[in-house]
1. In this structure, is Ala273 without any contact (Cβ under 8 Å) to a residue 12 or more places away in the chain and surrounded by fewer than 20 Cβ atoms within 10 Å (Cβ to Cβ)?
2. How many residues does the stretch 724-774 contain that are assigned to a loop (DSSP other than H, G, I, E, B) and either in contact with a strand residue (DSSP E or B) (Cβ under 8 Å, 6 or more places away or on another chain) or farther than 30 Å from Gly625 by Cα (or both)?
3. Give the residues of the stretch 477-500 that are of a type in the set (Val, Ile, Thr) and open to solvent by less than 40 Å² (accessible area, probe 1.4 Å), sorted by residue number.
4. Quickly run through the stretch 642-655 and pick out the residues that are in contact with a helix residue (DSSP H, G or I) (Cβ under 7 Å, 6 or more places away or on another chain) and either free of Cβ contacts under 8 Å to residues at least 60 places away in the same chain or surrounded by fewer than 22 Cβ atoms within 10 Å (Cβ to Cβ) (or both).
5. Test each condition in (1) more than 29 Å from the chain's Cα centre (by Cα); (2) at negative phi; (3) assigned to a helix (DSSP H, G or I) for Gly501 and report the one that comes out false.
6. Pick out the one residue from Arg183, Arg169 that is part of a helix (DSSP H, G or I), under 20 Å from Glu108 (Cα atoms) and open to solvent by 10 Å² or more (accessible area, probe 1.4 Å).
7. Can you go through Ser798, Ser829 and tell me which one is part of a loop (DSSP other than H, G, I, E, B) and surrounded by fewer than 17 Cβ atoms within 10 Å (Cβ to Cβ)?
8. Please identify the pairs in which a residue from the stretch 91-115 that is of a type in the set (Asp, Glu) has its Cβ atom under 6 Å from the Cβ atom of a residue that is assigned to a loop (DSSP other than H, G, I, E, B), counting only partners at least 6 apart or on another chain.
Amino acid sequence: MSAQKLKPSGVLGGVLGLLGFSVLAGVLVTAMVTPALAVTSMTAQGSIGIFENLPDSIKIGTQAQQNQIFGKSGGKDVLLATIYKQNRQVVGWDDVSPLLKQAAVAGEDRRFYTHGGVDLQSIARALVRNGEGGQQSGSSTLDMQLVKNILVQQAFTAVYTGKDQAKQREDAIKQANGYSYDRKLREMKLAIGLDKAYTKKEVLLGYLNIVGMGSTTYGVESAALQYFSVHAKDVTLPQAASLLAIVQNPNTQGLSDPKTYPANKDRRDQILAAMLDAKNITQKQYDDAVATKIESYMKPSAVANGCRTATPRSAAAACDYALGVIKAADRLPVNKGAVPVVESLGANAAERRANWDKGGYKIYTTVDLDLIEQQQQVLQTQTPAEETRFRLGSTANTVEVGTGKIIVMAQNKMFDDGAAPETTTTSAYNLSVDAPYGGANGFETGSTYKVIDLANWLESGKGLNDLVDGRGPKTYVGSQFTAPCDPGAIPTAPFKLVNDGGSGGGYMTVKSALMGSVNNAFMQMATQQDLCSIRDTAKSMGAHRADFARDLDVSPSNILGTNEQAPLTMAAVAATIGGAGLHCTPIIIDRVVNPDGKTLPGQPVTCNQAMSADVAAAVANAMAGSMTGGTSRPSNPYDGVAIGGKTGTSPTAHQDWVISTTTKVGSSVWTGNIDSAQTSLRNFVNPTTRQNYYTSSRFAIMKALIRSVNAMPAYKGERTFPDVSDAMLGGSSSIVPSVVGQTSSQAENLLTSLKFQYTNGGPEASALPAGRVTRTDPDSGSKVPSGTNVTVFTSDGSLAVTMPKVVGLSRVQATQALVAAGFDPAKISYQWTKGNPSPVQSDSKCNVQASNPSSGSAVTKSDPVSLTVYGNPDGSDPGLTACPK
């Protein structure tokens with residue numbers, strides 16, 4: 001029951017509304033809505049029936065309003081962004097100036113406090129005017145206007161299902177807004193019920209909070225802030241009248257455009273006159289107000305709606321990711337990377353989106369805005385967004401070990417979902433996240449993926465100290481690999497693999513292979529692993545394709561990181577290693593406060609034990625080696641915190657990475673060419689730092705990120721990683737025995753008995769008897785991994801020969817005899833000794849004194865031959881004239 005006592009006219013309105021208005025409405029409303037037809041086109045009795053069948057109650061309820069997203073700054077929650085479909089801030093009675101309340105009543109419904117929801121005098125007046133064929137005259141009370149706005153809001157916030165949900169909403173809103181006989185009747189009856197259910201104070205406040213104030217601004221609080229930069233309780237008299245002047249026609253009497261100021265002033269002054277007539281204001285107040293120019297009190301606030309207007313701007317991408325999580329679909333493939341939904345917003349996607357659109361929620365995120373701002377400045381320096389030679393992008397992400405809470409999410413190009421594709425300094429994509437959440441399609445991770453390969457290697461019972469063959473280039477064939485889950489992924493054609501930078505590699509421990517990021521070492525490891533098992537390890541660590549198009553590929557090349565993944569994903573992979581093998585899906589929404597002020601849970605912490613703590617400790621040990629003596633070393637701030645790292649580069653060097661982990665956080669830094677795989681970062685120098693992008697930028701970014709995060713006590717890691725167990729070290733190796741001179745069968749028996757793999761390399765030219773072993777690869781005496789394949793080569797006997805007798809022959813004769821026997825003349829050399837001048841003596845000048853090898857020796861045709869020849873009496877060379885060859 002209305003708390004306001006009704007005057008006679010109010011009693012009449014209430015009684016007629018409930019009893020007699022069912023009869024009167026048929027005549028009055030028919031004449032009002034269809035003056036040309038009057039009552040001839042429909043019977044009053046028909047109207048009465050329709051009226052009585054309409055619902056008679058409606059609730060003011062909670063209106064659509066702003067949502068707010070918060071981040072952390074200085075350890076406190078601070079507003080990051082405001083997001084809304086309708087810019088409304090619902091306020092209480094005491095937060096609205098009495099001037100606004102008086103202006104609403106005087107301007108829109110002078111008998112508000114005396115009628116029962118429907119004003120019969122206004123209806124009668126409208127009847128006369130409409131019946132005279134003039135412009136249709138309104139008769140809506142504040143109650144009826146509130147009813148109409150509630151119906152529009154109900155259409156706006158309803159949950160729609162099936163196809164074309166947006167069109168369903170649009171049609172429902174249009175129907176609620178439309179002027180029709182049925183709608184007017186419904187408004188009247190609901191207004192009567194509203195006036196009985198609520199006090200006049202509640203009705204008026206509901207109206208002031210719901211009424212449209214131009215564009216997407218609703219309610220007097222948002223409008224006062226939007227146009228005057230003051231709260232609704234602080235508006236002046238002319239400001240209050242100007243706001244209420246908008247509601248009659250927001251398009252022509254609004255305050256968003258100076259062109260409509262004159263029309264607003266006309267209506268404003270009418271309202272002021274009504275307020276004077278109602279004795280709400282004095283004559284002087286009226287005179288001063290009408291003399292006030294609208295321009296004098298306009299102080300518009302910048303429209304801050306959406307993540308693109310986030311403060312600080314550097315956190316706009318993180319804001320948009322939170323928004324993407326809120327609006328995520330129900331059936332995203334969780335096994336391929338979908339993140340936990342915010343169930344406190346609704347049981348399903350449609351309900352969550354409807355609640356979010358209705359607004360009034362406060363979302364508290366996990367991100368540290370101070371760290372994001374610091375990191376964005378580093379990104380800008382090291383990878384300037386203004387780079388015009390190619391589209392240079394970069395990101396920095398950090399997640400907390402053990403929870404997956406996102407601490408840092410930054411990118412060099414400011415996020416702006418309204419940015420044009422050709423814009424240089426901004427991006428409509430969040431470069432850190434998966435495509436379904438507003439990201440791009442990910443980037444090739446390169447050798448950062450080797451930490452996953454290593455984890456699987458250790459899980460299969462092998463060790464860090466196992467020796468592997470890192471020599472390259474090397475050619476591989478499909479039969480060397482196993483992928484039972486997808487045999488078609490194995491290439492049919494041989495492929496050649498080089499080590500980055502063309503390094504030769506060699507035999508090395510697995511730990512050294514990770515520290516040096518030796519491609520062929522890891523490909524050799526893959527020949528001993530199950531490629532499907534490596535993929536399973538990757539998935540358990542959270543790895544997945546950023547496009548969600550398919551599962552991770554399992555071809556041999558993928559062990560070197562050819563699957564495109566999001567930088568946030570790789571930060572979580574790194575955190576798995578620092579977190580004793582516990583992988584936690586990245587989350588950004590910590591808690592939610594609903595429109596009623598109740599605190600609700602955000603995204604649940606969702607973790608799985610991806611690997612044993614022993615395996616994680618061993619991988620961390622190898623990554624720590626990379627940070628102190630390997631490829632990741634330039635990223636190390638050396639601040640006393642144990643840190644492991646791994647670098648990565650795409651095959652064309654258009655993408656490069658560093659990932660890192662401590663015992664508290666996992667991080668990733670990506671830099672790359674967003675557009676073209678043909679533009680290598682190796683070819684460009686940063687104009688700001690004058691350093692090469694490839695060799696410098698990613699390392700400088702990661703070093704700054706680690707230093708900043710470690711400076712925060714809550715995120716500072718321990719000084720050491722857990723010790724590596726003996727079981728993880730492994731290190732079984734063997735010495736290749738000498739089998740030279742043995743038959744191939746003897747060599748095979750010996751090698752296989754020592755657990756080596758035997759491969760027949762075939763015959764080659766040699767002086768050994770045909771079929772005898774000439775050499776092995778690896779060479780005899782080499783220390784190699786147990787089970788290494790040893791290739792054995794045998795002699796074809798083609799180089800075997802007996803050294804002819806050349807002593808006593810002349811130099812020319814001896815040379816001819818050697819060449820005839822198959823020796824290479826280029827390998828025949830001559831030494832001179834003292835000769836006898838007598839031409840008939842055996843030691844006469846130009847005769848051969850001795851040969852090496854000696855006559856009759858079994859030698860090889862490719863062996864060098866040295867002849868000692870008599871020369872001049874003093875032992876000098878007599879020259880070619882005296883002693884020709």
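1. No, not satisfied.
2. Applying the first criterion (assigned to a loop (DSSP other than H, G, I, E, B)) to the stretch 724-774 yields 724-725, 730-732, 736-742, 754-756, 765-771.
Still in the list and also either in contact with a strand residue (DSSP E or B) (Cβ under 8 Å, 6 or more places away or on another chain) or farther than 30 Å from Gly625 by Cα (or both): 731-732, 736-742, 754-756, 765-771.
Counting residues in the stretch 724-774 that are assigned to a loop (DSSP other than H, G, I, E, B) and either in contact with a strand residue (DSSP E or B) (Cβ under 8 Å, 6 or more places away or on another chain) or farther than 30 Å from Gly625 by Cα (or both) gives 19.
3. Residue satisfying the conditions is Ile490 alone.
4. Selection gives Ala642, Gly645, Ala653, His654.
5. Against the list (1) more than 29 Å from the chain's Cα centre (by Cα); (2) at negative phi; (3) assigned to a helix (DSSP H, G or I), Gly501 comes up short only on (2).
6. Working: Arg169 fails: under 20 Å from Glu108 (Cα atoms).
Going through Arg183, Arg169 in turn, just one is part of a helix (DSSP H, G or I), under 20 Å from Glu108 (Cα atoms) and open to solvent by 10 Å² or more (accessible area, probe 1.4 Å): Arg183.
7. Working: Ser829 fails: part of a loop (DSSP other than H, G, I, E, B).
The conditions single out Ser798.
8. Asp109/Thr141
The values are calculated or read from the model by the stated rules, or taken from the named source; none is laboratory data. None of these values were measured; they are calculated from a predicted model. Glycine also receives a Cβ, built like all others from the backbone with ideal geometry; neighbour counts cover every protein chain displayed. Only protein heavy atoms, including side chains, enter the accessible area calculation; ligands, DNA and RNA are left aside. Shrake-Rupley method; radii C 1.70, N 1.55, O 1.52, S 1.80 Å.
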